[in-house]
DNA sequence: TAGTTATTGAAAACGGTTTTCATTATCAAT
DNA sequence: ATTGATAATGAAAACCGTTTTCAATAACTA
């Protein structure tokens, strides 16, 4: 199912142009990395991506993966997360194919559950908080992160 | 002012006992590290703490700072944060001397602003979200983190 | 097609954190 | 107080994800 649906190749199709507009060259390694990100709905680490790309393009190096991820992050096409397990995770930025969401993180097994519930209620609170905080602290708020930490069901009973 | 008020020595006074109860020995380096944490209201890195402790106890090593911080974190006496600048930060856990709060993080200068506003509204939303998420995902929620990212006033005009 | 230059891969460097291990200090039992 | 078992320590080395270096290569422009 992972490679079947409508999400496939989204990054390349939708953003290939934007990529060139910014003056960057479209290369084989970059296409491959973008495809992996577009095909997955997981929270991939640089190494995850490297290993997947490596299956089709064994000569693409980990360095290039890091460099491309930084580029895509800076362009706002993907988002970099830190869930506290010592390595950064990347996922598609919010957009037509990616709903606004947050994460539950299991402190024991580090599993990450993505949820999209309560977003309306959240917006209510966030809008007011962002407005108030922006004014009081003269802080131009660009984004937010909400993480819930705890123990997942699999870990609780073992 | 930083060393004057009622917060002084809080960690040692309030938690020294708890510390021994857990079977840990109370040592000079540990007392020194706990004092630094109790005296400060900043978000200290391991190195910050090491440098401060080093002024009074030059033979306390960075390793011991890391080990003590891990211990205190596991005991729930302090909280470890990652604000995305590549080093962990530590602060007193919520309690009589530390109000529930969250953080604004400047993406440019990495400055961290602590705020305690909107906590009531937040609680409203969080309680409902935690309840719903716990049930739906069978996830035992222990805590949460809310970070706002943006550009602080000092960085905006330069 | 050629030339400019962005991009690449391999290896080395980096930096915060953790591990190793012999030494030292703490605490309970005397 | 003294002793003895062992938890805690500091210095150095290891660790590991990430970044930098640099010569070779590939992508776009003219």
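Rounded to 0.05, the FRET efficiency of the residue A:127 and residue A:74 pair, given R0 = 22 Å and the Cβ-Cβ distance, is 0.25.
Taking neighbour Cβ counts within 10 Å as the exposure measure, how do A:62, B:72 sort from fewest upward? List each step's numbers first, then the result.
Working: A:62 14, B:72 23.
In increasing order of surrounding Cβ atoms, one gets A:62, B:72.
Suppose R0 equals 30 Å. What FRET efficiency, 1/(1 + (r/R0)^6) with r the Cβ-Cβ distance, do residue B:47 and residue B:157 give to the nearest 0.05?
On the way: r = 30 Å, r/R0 = 1.00.
Computed FRET efficiency for residue B:47 and residue B:157: 0.50.
Two decimals, Cα atoms only, Kirkwood Rh: what is Rg/Rh over chain B? Let's see the in-between values first.
Details: Rg = 17.6 Å, Rh = 17.5 Å.
For chain B, the value is 1.00.
Angle of helix A:119-137 to the longest C-alpha principal axis of chain A, folded into 0 to 90 degrees and rounded to 10: 80°.
Angle of helix A:28-39 to the longest C-alpha principal axis of chain A, folded into 0 to 90 degrees and rounded to 10: 40°. Hydrodynamic radius of the protein assembly as shown by the Kirkwood approach over all distinct alpha-carbon pairs: 22.1 Å. Evaluated on the range B:36-124, the Kirkwood hydrodynamic radius is 14.3 Å, with distances taken between all distinct Cα atoms.
Note the full-extension length gain between residue B:28 and residue B:145 as 0.36 nm times their separation in residues minus their Cα-Cα distance, in nm to one decimal.
38.8 nm
What separates the Cα centres of the range B:77-155 and the range A:56-84 is a distance of 27 Å.
Of the two radii for the range B:90-154, the radius of gyration is 1.04 times the Kirkwood radius, both from the alpha carbons; that is the Rg over Rh value.
Here, each number is a calculation from the coordinates, and none is a lab measurement. These numbers were taken from a predicted model, which means no experiment stands behind them. Positions of Cβ are generated from backbone atoms using ideal geometry, with glycine treated the same way; all protein chains shown enter the neighbour counts.
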